[in-house]
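Everything below concerns the one structure shown next.
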Amino acid sequence: MAVAPIPRSDPNRPRATRLGVIAVVGPIAAFAVMNVIVKIVRAPALTIAFYRLWMGVLIMLVVVRLTGRRLTWKILGRAVPSGVLFGLNLALFFSALKRTSIADVLIIAALQPAITLFVAGPLFGERVTAHEVFWTAVSLGGVVLVILGSSGTPAWSLEGDLLAGGALLAWTTYWLLSKRVRREVPAIEYMTAVTIGAAVFMTPVWLVSGQSRTMRWQDWAWVLLFVGGAQAGHSLLAWSHAQVDVSISSLLILVEPVISPVAALIVLGERLPALSIGGGLLAILAVGVVIRRATRSATRSAKEAVAPEVVPA
């Protein structure tokens with residue numbers, strides 16, 4: 001008698017492990033609250049980005065040292081493109097947050113899942129079904145309601161929205177590239193190299209910008225808090241790429257534009273209209289439906305992988 005594993009019934013259906021979902025949703029929810037810090041800090045956007053990245057480099061180098069890992073030139077070379085995109089995203093994203101409402105910036109960023117659905121198949125062999133497409137569309141519809149509700153508020157700015165659009169393109173490209181590179185580079189080493197590349201990229205950009213180089217002591221305290229949470233969060237996101245299909249992980253990011261406006265309302269007093277509240281609830285519902293299906297698929301596949309089938313010799 002021979003023992004053979006039962007093949008997966010649908011190996012290309014988007015999947016996500018429960019730990020992977022937590023590793024994405026946890027940091028994204030934290031980022032949603034931490035975005036308020038960029039508004040609180042009085043320093044210019046690029047100054048915040050510069051100090052945030054170099055402080056992040058120091059933190060990651062300490063982590064690499066304490067965990068006994070090695071950062072090689074090969075790893076640095078693989079992560080440089082990701083680092084440039086990460087730095088560009090931060091520059092545009094922070095600038096957008098300074099110029100328009102937090103809700104608008106994050107709603108524009110929420111277009112990422114729609115972009116990702118078009119490339120998940122060709123790049124990673126993921127088969128996105130009509131189920132994922134439908135609920136992604138529903139979620140985006142909820143996100144549109146949020147932005148429609150906030151577009152008439154005093155904090156809105158067209159320049160800020162355009163910067164947010166640039167940040168969207170940079171982040172989406174970074175996200176997809178990270179999914180590919182993480183197949184060969186461990187999460188901590190990868191995020192360390194990415195942060196170094198982003199900091200090196202940001203330095204001349206910041207110097208040429210002529211923005212103020214000084215910050216108040218209160219600003220330093222806020223930025224330190226931001227950096228600690230951001231580095232831990234991005235490291236978890238880098239780890240999650242092996243646990244969650246990119247078509248699912250990009251959709252989970254829609255949690256951020258739903259939570260951030262609430263944080264902005266509580267901390268900054270940015271108005272949150274009823275239409276935005278309804279749209280946010282709709283987006284969360286749609287994301288929940290997709291997560292439930294994806295985690296079930298992953299659990300079923302894991303059980304099938306360990307359940308033997310007895311076949312004639």
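In this structure, is Thr192 at pLDDT 90 or above, open to solvent by 20 Å² or more (accessible area, probe 1.4 Å) and assigned to a helix (DSSP H, G or I)? The answer is no for Thr192.
Would you check which residues across segment 125-155 are open to solvent by 30 Å² or more (accessible area, probe 1.4 Å), at pLDDT below 70 and either over 30 Å from Pro44 (Cβ atoms) or basic (Lys, Arg) (or both) and list them? Scanning segment 125-155 gives Gly125, Arg127, Val128. Among residues of segment 196-212 that are touching a residue at least 60 places away in the same chain (Cβ under 8 Å), those with a Cβ under 8 angstrom from a residue that is among the hydroxyl-bearing types (Ser, Thr, Tyr) and outside any loop (DSSP other than H, G, I, E, B), sequence gap 6+ or separate chain, pair up as Gly197/Ser82; Trp206/Thr47; Gln211/Thr47; Ser212/Thr47. Put simply, of Val84, Val33, Val62 the only residue that is open to solvent by 60 Å² or more (accessible area, probe 1.4 Å), at negative phi and either in contact with a His (Cβ under 8 Å, 6 or more places away or on another chain) or at pLDDT 90 or above (or both) is Val62.
Return yes when Leu111 is open to solvent by 40 Å² or more (accessible area, probe 1.4 Å), modelled with pLDDT of 65 or more and under 21 Å from Tyr174 (Cβ atoms) and no when it is not. When the stated conditions are applied, Leu111 passes them. Inspection of segment 164-184 identifies at least one residue that is open to solvent by 10 Å² or more (accessible area, probe 1.4 Å), among the aliphatic types (A, V, I, L, M), without any contact (Cβ under 8 Å) to a residue 24 or more places away in the chain and under 19 Å from Phe31 (Cβ atoms). Considered as a group, the residues in segment 198-249 that are farther than 20 Å from Phe31 by Cβ and among the polar types (S, T, N, Q) include one that is most open to solvent (accessible area, probe 1.4 Å), and that residue is Thr214. The numbered conditions (1) closer than 21 Å to Glu159 by Cα; (2) modelled with pLDDT of 90 or more; (3) among the charged types (D, E, K, R) are all true for Lys74 except (1). Checking each residue in segment 38-59 for being surrounded by fewer than 21 Cβ atoms within 10 Å (Cβ to Cβ) and over 21 Å from Gly197 (Cα atoms) picks out Lys39, Ile40, Arg42, Pro44. Once segment 30-57 is narrowed to residues that are in a helix (DSSP H, G or I) and of a type in the set (Gly, Ala, Ser), the residue that is farthest from Val185 (Cα to Cα) is Ala45. Flag: Ser250 matches the condition of being at pLDDT below 70, assigned to a helix (DSSP H, G or I) and closer than 19 Å to Met191 by Cα.
Considered as a group, the residues in segment 58-106 that are part of a helix (DSSP H, G or I) and without any contact (Cβ under 8 Å) to a residue 24 or more places away in the chain include one that is nearest to Ile277 (Cα to Cα), and that residue is Leu58.
The values are calculated or read from the model by the stated rules, or taken from the named source; none is laboratory data. Keep in mind the model is a prediction, meaning the values are calculated, not measured. Note that each Cβ is placed from the backbone with ideal geometry, even for glycine, and that neighbours are counted across all protein chains shown. These area figures cover heavy atoms from the full protein model, side chains too; ligands, DNA and RNA do not enter into them. Shrake-Rupley method; radii C 1.70, N 1.55, O 1.52, S 1.80 Å.
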